[in-house]
Amino acid sequence: MLVKLGQLKAHEMADSESMQKDSADSFVDPASKRFVIAMLGGECTGKTALAQSLAGELGLPYLAEVLRDFVDQHQRAPRHSEQADVLRLQCQQIEAALARLRPLASGPLLICDASPWMTAIYSLQYFNDPEQFAQAQAMMLRLAKHYRFRWLHFHCADDIAWQADGLQREGPEHRARSRAIVEQYPPLADHQEHAQLALLSGPLQDRLRDAGAALDAQAGRAKRRTV
C-alpha cells in the first residue's frame, strides 16, 4: 500500500499557493515541486509492473518502454546504429506527454518505463559505446529545464525470477551487468537536483511501499523549499 499517494496526484496539486505570493523573497521555483518518475534496471527486473502500478495508483500518464516497442515491431533488438534513434524517440514521447499537462500541475507528472538513461546503459553494455551518456544527459536536462521539473529515478533490483521472452532477454547475467553499470554510472549524477535515485527490491508490494516512501520524501523536500 502506498503512503499518502492520494495527496500527490498531479491533478490535485496545482501550484496556486506560490501564485498568490507577490514578493521576490517569497517566490518558489515551480521546478522544485514538479518531478518525472523514470525506471532504471536491466531486463526482467520488474520495471513495467512497478511503473504501471504506480501510474494507476497516482492517476498519472504512463509511457511504455520504447525499446520494447522496437523489439515487438522489428522482432529483434536495436543495432548500434539505431541506439541514438531509440533515445531520441524516448525523449520525444516524454516531451509530448509533458506538453499535454496543465501548466500549473505539480508533484509527480508522469511515469517513464524506462528512463532515457537506460539507452545509454545498454549502449555501453552491448556496444562498448559510452557516447550516449552525454546525449542522454543533454536531452534529459533540456526537457527538465524547458518544462521545469526534476528527475526522480527508481532502480529496480535484479532479485526477481528471470523469465525468457524469446526475443530480447538474454539471461540473468546480463541484467546483473546492467545493474552494475547503473551503479557505476548513475543518471545525472553531476546535477544534484536531478540525482535522486531509490533502489527498490523484493516483491511488487515491497517496491510500491518503498516507492511511496520516496515520493513522500520528495514532497517533504519540496514543502521545505517553500518555507
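Which value in nm describes the separation of the simple spin-label points at L104 and A64, placed 7 Å from the Cα toward the beta carbon?
Output for this residue pair reads 3.5 nm.
Roughly speaking, what is the stretch gain from R88 to A157, that is 0.36 nm per residue apart minus the C-alpha to C-alpha distance, in nm to one decimal? Please list the in-between numbers first.
On the way: separation 69, 0.36 × 69 = 24.84 nm, distance 2.58 nm.
So the chain would gain 22.3 nm between R88 and A157.
How many nm is it between the label spots at Q52 and Y185, if each spot is 7 Å from the Cα in line with the beta carbon?
2.9
Kindly report, to the nearest 10 Å², the accessible surface of S178 as traced by a 1.4 Å probe over protein heavy atoms only.
Accessible surface of S178 is approximately 0 Å².
Quick check: residue separation of L141 and H74 times 0.36 nm, minus the Cα distance between them. What number comes out in nm?
21.1 nm
The values are calculated or read from the model by the stated rules, or taken from the named source; none is laboratory data. Small disclaimer: the values here were computed from a predicted structure and weren't measured. No Cβ is skipped: glycine too gets one built from the backbone with ideal geometry, and neighbour counts run over all protein chains shown. These area figures cover heavy atoms from the full protein model, side chains too; ligands, DNA and RNA do not enter into them. Shrake-Rupley method; radii C 1.70, N 1.55, O 1.52, S 1.80 Å.
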